[in-house]
Amino acid sequence: MSTTAERTDVLVIGSGFGGAIAAYHLAAGGADVTVLERGPWLESKEFEHDYKLGSSYTRAFDFTVGDGMSILGGNCVGGGSVVYFAAMPRAPRFVFDRQGSIGRRMWPQAVSRETLDPWYDRVEESLSVTRQDWNDVSYAGGLWAAACNHAGRTANPLAVAIDNTKCVNCNWMMAGCRFEAKQSLLVNYLPAAIAHGARIRPLHEVQHLSRTPDGSYRVHYNVVHDDDYRLQAGSGVIEAKIVVMAAGAGATPVILQRSEAHLGTMPRAVGRYFSGNGERLNTAIIDEAKAAELFGLDRGDGLAYAANQIGKGPTVASWDRLDGSLPEYSRYSLEQLYFPPGLGTILAQVPGATGPSWFGKEKKEILKQWTSWLTIFTMIEDDNEGVFGPPPATGNAHRISQQMLGRGNLRYDPTKNTLGAWAASDAEVKEILEKDGLAKVMPWTNDLVGAYTVHPLSSCRMGDDPHTSALDDSNELRDHPGIFVTDGSSVPGALTVNPAMTIAALAERAMPGIVRAAQSRGISVTYGAPAPDGSTSGRERVLPLLPSARG
Amino acid sequence: MESELRDDNERGAPAGDIRTMTLEAYADTIVPGQKRFADDRAIAGVSTGGGAVQAGALELLQWDATGIHEGLDDLVRLVNEHALAYATERRLAPDPTVPPFVALDYPDRAALIQRLTTPGHPEKEFWVLLSLFCNMAFDSAAHLNTAQAMEDGHPGLEAMGLSMPDADGLWRFKDYSYGREFARLHPDTTSTGSPA
């Protein structure tokens, strides 16, 4: 390791939504930007349809088992956007007034649906988010909509960041989109950031931060082996005037915990208040004859459904419970989803099992009906129960397998509120799908890896109260000026919908403030870049809100 | 336990066989298959068609990419110890010529794995991990290239009914939608398709 640290104006940790958006705006504004990403940099042609360990699926995806909660997330340049399913709803209005476990509003006063809407607009433009129609909806989504309607519910095709002209409905989104149909950050913010001079270094895992005498930061990283992430291939340090942390809600607080010895006391909320976005899954085994009889379903080849393998993740959600007049912990969305074999099969339970419910003879029988499975994803309001224990030796997990599988230190013991909301949503999924014999339904077991989330949130959250939030309303880490957090860890609590849109909007919202902080530290940078493709209507809406931001 | 078994002439099974038979019996409990030959002891034979063993569970477990490979000897020893204790508790008389876990009938093997994977069991994490990889051998063939496994008639992928990919190993579905309006939209939907 060199004794002289490299220097950059802005060091961004992580290249998912929070990191890519920051890298783009700061580079486009004139700052010298370096991005450290702990995962590999995969190009579209490297995205494979292959479950073999070592394929793009396991290289780009991380599964971190905790105590009571397991986190699934991206681990590559582009972060979660590479492996996510591109559902991009805005969070409903009531979410911003949630009180959660603290008995008063969790969100900063400055953030509401109304104040966030212009930033949602920017993201919608930048990621080409479009409202789907019924012709875009997969067989699985259509079946879910039909079942909802049959049970007296509404159902909505989702807004998504997918170019349907390129999509082949292969359902391999979690391994990266080979066809560039999914509007991951690899096709918008990141190439635009690079065009403006940002440097992205893959396989660089940040371990901790320290401070220089002049108030800048030194970012300490290990280089990760490109195939076997258990191995390290070096280490280094980069010095930066501003640090933007966006390593994901499962990693950002761990880096900060490890930095405490060097930076001084961290805000109390670092590594607390973790939310799994209230996520829960149910698997239904559809009676094909009933699907044909009840809804007249016909794929044109004699099959009513049998289409679990076909589609593009979630396409339809039921939002009847997203009603702000209902009490907290009773509001949730129910969304059709696809989950690949492996992770998506072992936790599924046999309806009415007489023996073991998640393995064995009866489980094998339902695996034989896999094409007739319909997966329903529930997002309730959880209680921010998650707390991170002491950091592991490196990274955010002790890595077990060469890729993908690790053991982390997150503990999550669901409260009565969370358990009650899961039970209520399970009962509703069952009611909808078992009506008139359409299906047999069981929730996934939480006995094996605890609860699980594909949308980790809130472990370094923003708020107005220093006791219960780690960031102020500009995403700056309390008592550590010049460190900003812009990933899912900044979101105060569960959103009842897919959070990517909100994470991205909050990151967009944070940018003018980060630019101002950079300017005050002598960096020559301005705010005001258009969308990555040059579109300007989103920018035109937010600029009037920021009269002094253009430097 | 292993050396004990190896040294006992009556039991006859060499260490390698003990390890293989025990892991096969464990994998077969997770996803059962049919016996490969008449006196197949590892596979309980409670199901037709291939199970985790035929799907390649041992190949996957012994691959260093999993990270579980180095712990397999310990897991074999432990599960046989647990099986002996279980047999004693249930007053069973296990056949001494095979490892104790293999000597259990399928319902007892399943009951023991249930016990080992129940929240609160001190070794739960290891048995869940072992079970996870056994399962993955069957339902995602994580030790094989997926397109090739499909081509070769992998028992798990075939049983689950995955369709064949195109010639380039990629899946594409031309037909994917009923194209029907199945439900009313939520009344509070914004113009861009979000909840209000």
Does any residue in segment A:481-504 that is within 13 Å of chain B (Cβ to nearest Cβ) come within less than 7 Å, Cβ to Cβ, of a residue that is among the acidic types (Asp, Glu) and assigned to a loop (DSSP other than H, G, I, E, B) six or more places away or on a different chain, and which pairs are these? A:Thr496/A:Glu381
Give me the pairs, please: first residue somewhere in segment A:394-413 and more than 15 Å from B:Phe126 (Cα to Cα) and more than 8 Å from every other protein chain (Cβ to nearest Cβ), second residue anywhere and of a type in the set (Phe, Trp, Tyr) and assigned to a loop (DSSP other than H, G, I, E, B), beta-carbon distance under 9 Å, and either six or more positions apart or on two chains. A:Gly395/A:Tyr229; A:Met404/A:Tyr229
Would you mind stating whether A:Pro532 is in a loop (DSSP other than H, G, I, E, B) and closer than 30 Å to B:Ala196 by Cβ? yes
Mind listing just one residue for me: the one in segment A:73-85 that is under 10 Å from the mean Cα position of the chain (by Cα) and in a loop (DSSP other than H, G, I, E, B) and, of those, nearest to the other protein chains (Cβ to nearest Cβ)? A:Phe85
Just one of (1) in contact (Cβ under 8 Å) with a residue 24 or more places away in the chain; (2) more than 10 Å from chain A (Cβ to nearest Cβ); (3) in a helix (DSSP H, G or I) trips up B:Thr97, so point out which. (3)
On the given criteria, is B:Pro195 within 30 Å of A:Ala161 (Cβ to Cβ), facing chain A (nearest Cβ under 7 Å) and of a type outside the set (A, V, I, L, M)? yes
Of B:Leu144, B:Leu132, which residue is surrounded by 16 or more Cβ atoms within 10 Å (Cβ to Cβ), part of a loop (DSSP other than H, G, I, E, B) and within 8 Å of chain A (Cβ to nearest Cβ)? B:Leu144
Just one listed residue, out of B:Phe138, B:Phe182, B:Phe173, is of a type in the set (A, V, I, L, M, F, W, C) and more than 7 Å from every other protein chain (Cβ to nearest Cβ), and it is B:Phe138
Go through segment A:126-172 and give me each residue that's in a loop (DSSP other than H, G, I, E, B), more than 8 Å from chain B (Cβ to nearest Cβ) and either buried (at least 24 other Cβ atoms within 10 Å of the Cβ) or out of contact with any helix residue (DSSP H, G or I) (no Cβ under 6 Å at 6 or more places or on another chain) (or both). A:Leu127, A:Ser128, A:Asp133, A:Gly152, A:Ala161, A:Asp163, A:Asn164, A:Thr165, A:Lys166, A:Cys167
Note down all Cβ pairs under 7 Å where the first residue falls in segment A:223-234 and is farther than 12 Å from B:Ala65 by Cα, the second is among the hydroxyl-bearing types (Ser, Thr, Tyr), and they're at least six residues apart or on different chains. A:Val223/A:Ser235
Please find, within segment B:38-53, the residue that is nearest to the other protein chains (Cβ to nearest Cβ) out of those that are under 14 Å from the mean Cα position of the chain (by Cα) and in contact (Cβ under 8 Å) with a residue 60 or more places away in the chain. B:Gly51
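Per-residue answers, yes or no, for (1) charged (D, E, K, R); (2) at pLDDT 95 or above:
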position: B:Thr20; (1), (2): no, yes
position: B:Asp28; (1), (2): yes, yes
position: B:Pro32; (1), (2): no, yes
position: B:Ile43; (1), (2): no, yes
position: B:Gln54; (1), (2): no, yes
position: B:Leu75; (1), (2): no, yes
position: B:His82; (1), (2): no, yes
position: B:Arg90; (1), (2): yes, yes
position: B:Pro94; (1), (2): no, no
Unmet requirement for B:Leu157, which otherwise passes all of (1) touching a residue at least 24 places away in the same chain (Cβ under 8 Å); (2) more than 7 Å from every other protein chain (Cβ to nearest Cβ): (1)
Take the residues in segment A:370-380 that are more than 14 Å from chain B (Cβ to nearest Cβ) and within 16 Å of the chain's Cα centre (by Cα), then tell me which one is farthest from A:Gly278 (Cα to Cα). A:Phe377
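Filter segment A:327-341 for residues that are surrounded by fewer than 20 Cβ atoms within 10 Å (Cβ to Cβ) and either facing chain B (nearest Cβ under 10 Å) or closer than 22 Å to A:Cys148 by Cα (or both) and give the result.
Residues satisfying the conditions are A:Ser330, A:Pro340.
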Just to be sure, is A:Gly215 more than 14 Å from chain B (Cβ to nearest Cβ), more than 30 Å from A:Gln257 (Cβ to Cβ) and assigned to a loop (DSSP other than H, G, I, E, B)? no
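Results for (1) surrounded by 23 or more Cβ atoms within 10 Å (Cβ to Cβ); (2) in contact (Cβ under 8 Å) with a residue 40 or more places away in the chain; (3) of a type in the set (D, E, K, R); (4) within 16 Å of A:Glu335 (Cα to Cα), shown as yes or no for each residue.
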{"site": "A:Leu419", "(1), (2), (3), (4)": "no, no, no, no"}
{"site": "A:Val429", "(1), (2), (3), (4)": "yes, yes, no, yes"}
{"site": "A:Ile432", "(1), (2), (3), (4)": "yes, yes, no, yes"}
{"site": "A:Met442", "(1), (2), (3), (4)": "no, yes, no, yes"}
{"site": "A:Thr445", "(1), (2), (3), (4)": "no, yes, no, no"}
{"site": "A:Gly450", "(1), (2), (3), (4)": "no, yes, no, no"}
{"site": "A:Pro456", "(1), (2), (3), (4)": "yes, yes, no, no"}
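The values are calculated or read from the model by the stated rules, or taken from the named source; none is laboratory data. Quick caveat, the model's predicted, so the values are computed rather than measured. For neighbour counting, all protein chains shown are included, and Cβ atoms are generated from backbone atoms with ideal geometry for every residue, glycine included.
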